Amino acid sequence: MNSNDRSIVALVMLAHGMVHTYELSIPIFVSIWLTEYDVLSLGITEVDVTAATVGLIVTAGYGLFGVGALPGGVLVDRIGSRLLITLCLFGMAGSFVLLGVAPNLLVVAIALLLWGAAASVYHPAGLTLLSKGVEERGTGFAYHGIAGNVGTGLGPLVTAILLLFVDWTVVAVVLAVPALVAGAYALRARFDETAAVAPSEPMTDEAESVEDDAGDDRAGGGVASLAEFGSETRRLFAGAFALVFVVVMASGLYYRGILTFLPNLLESFPAFAPVPLTSLLPPAVTDALGIPAGSGRSLNPERYFYSGLLIVGVFGQYLGGKLTDRIPVEYGLAGGFGLLAVLAVLFLPAATAGLAPLLLVGAVLGCALFLVQPFYQATVAEYSPAGTRGLSYGFTYLGVFGVGALGGTVAGAILTYATPAVLFATLAAFAVVGSGIGVVLARRRRRTGA
């Protein structure tokens, strides 16, 4: 990598890690909110707090995380990535401070909405910056993904460790500090955002046909009006990008559906029974930490399994990023989503078979969840023009995190009114859709010779 590549990759790795630190610490809090709150007061009425209720609240925040990606994609094509990434970092910090001082579940919901709005601009900004500014794009995507997975795994792990000693509200405020530091760093970052597309960027036949319709290469253009937004959107979805959009929706539904309630779901298995801290640590240590006997503070193994699963995803993300430079991305989509379908079928049988089988399936699941991400990110780059790459990634993360946020609602409703077996069968169906479209795109590539 050259110096410009390294500067860009350093910033996006830092920001990506922060985004996913917050995103995946939220499910750790979900199990606490389910026990701490009995009702959600809406002023004129009150609603009982169930998995379905909390699922809707989390979906609202996660949904805005996705929906905001579309206007974020439009903005990045007009004002650039660095400013949006900076605003994202400061906004996320502020929302977690609000979460930490929330007096009730309604304010929790508002804080999650604010987090979703702030975080929503990151993916179109960060991925556009990588795709237009970094020469070694595949490697850049890989390192970017690794940083996201470090945040994804360490965020919940740090959250779980802090919860051993302090209340969740204190943990939320502590988590806000790193984003403030990262935001200060982003203010000082300097680099060429379009170094990899000047004077022109090689494109696939699909992307080139979209570009020809636009009449220029638009490497630094973007959407300048509502009418242009409509015309560029129609051009994107007139081709194979429409199929790519279905793939990213399937990915988001699976991702959010399996992760939102995973810690809560694992609590029901004997291997994940809480272990009192007083039985793990000598009295001198618990006294020094201010943990008296009978305090109720305990180690919750399911939180560490959840964190470990996400940390293992680093390897899947790195492997997926490297493979995007070596095999057609369509094959990666078909194989990766096919593996996710199989793992959804195997998860509950492995969990009932014992801890060892569950650890094995969990490790493979952690890799597979993130293996597919570099493939669909690179697929978007292949099936979209450089000048509206931000818009393309805006739609991508509208699908992944906007539509995909409904996975939390689906999971909460199924766990409230049906069974975990139904949930995992539903997740397998989402993965089958993604794998099938990968096959369709591969056949289209062979037929057209693209």
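The values are calculated or read from the model by the stated rules, or taken from the named source; none is laboratory data. Keep in mind that what you see is a predicted model, and the values were worked out from it rather than measured. Ideal geometry is used to build each Cβ from the backbone, glycine not excepted, and the neighbour counts take in all protein chains shown.
Brief remarks on what is shown
- For segment 75-84, the criterion of being buried (at least 23 other Cβ atoms within 10 Å of the Cβ) and touching a Lys or Arg at 6+ places or on another chain (Cβ under 8 Å) is satisfied by at least one residue.
- Of all residues in segment 52-68 being among the small types (Gly, Ala, Ser) and surrounded by 22 or more Cβ atoms within 10 Å (Cβ to Cβ), the one that is farthest from the chain's Cα centre (by Cα): GLY55
- Residue in segment 335-354 that is of a type in the set (S, T, N, Q), modelled with pLDDT of 75 or more, surrounded by 17 or more Cβ atoms within 10 Å (Cβ to Cβ) and not in a loop (DSSP other than H, G, I, E, B) present: no
- Qualifying residue in segment 96-113 (condition: closer than 26 Å to GLN317 by Cα, touching a helix residue (DSSP H, G or I) at 6+ places or on another chain (Cβ under 6 Å) and not basic (Lys, Arg)): no
- Flag for GLY66 being within 27 Å of VAL410 (Cα to Cα) and in a helix (DSSP H, G or I): yes
- Failed item, numbered, when VAL150 is tested on (1) of a type outside the set (Phe, Trp, Tyr); (2) touching a residue at least 24 places away in the same chain (Cβ under 8 Å); (3) not in a helix (DSSP H, G or I): (3)
- Flag for THR35 being farther than 30 Å from LYS132 by Cα and either part of a strand (DSSP E or B) or out of contact with any Leu (no Cβ under 7 Å at 6 or more places or on another chain) (or both): yes
- VAL433 vs. criteria surrounded by 23 or more Cβ atoms within 10 Å (Cβ to Cβ) and either part of a helix (DSSP H, G or I) or not aliphatic (A, V, I, L, M) (or both): no
- From the list VAL410, VAL364, VAL403, the one residue that fits, being within 30 Å of GLU136 (Cβ to Cβ) and of a type in the set (A, V, I, L, M), is VAL364.
- Just one of (1) surrounded by fewer than 21 Cβ atoms within 10 Å (Cβ to Cβ); (2) at pLDDT 85 or above; (3) not aliphatic (A, V, I, L, M) fails for GLY43. It is (2).
- Checking each residue in segment 96-111 for being part of a helix (DSSP H, G or I), over 17 Å from THR53 (Cβ atoms) and in contact (Cβ under 8 Å) with a residue 24 or more places away in the chain picks out PHE96, VAL97, LEU99, GLY100.
Rundown of residues vs (1) buried (at least 23 other Cβ atoms within 10 Å of the Cβ); (2) part of a helix (DSSP H, G or I); (3) β-branched (Val, Ile, Thr), yes/no style:
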position	(1), (2), (3)
GLY138	no, yes, no
TYR143	yes, yes, no
ILE146	no, yes, yes
ALA160	no, yes, no
PRO178	no, yes, no
ALA195	no, no, no
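- Qualifying residue in segment 277-299 (condition: surrounded by 19 or more Cβ atoms within 10 Å (Cβ to Cβ) and either within 19 Å of the chain's Cα centre (by Cα) or at pLDDT 90 or above (or both)): no
- Residue match in segment 381-392 (condition: surrounded by fewer than 24 Cβ atoms within 10 Å (Cβ to Cβ), in contact with a Ser or Thr (Cβ under 6 Å, 6 or more places away or on another chain) and under 29 Å from LYS132 (Cβ atoms)): yes
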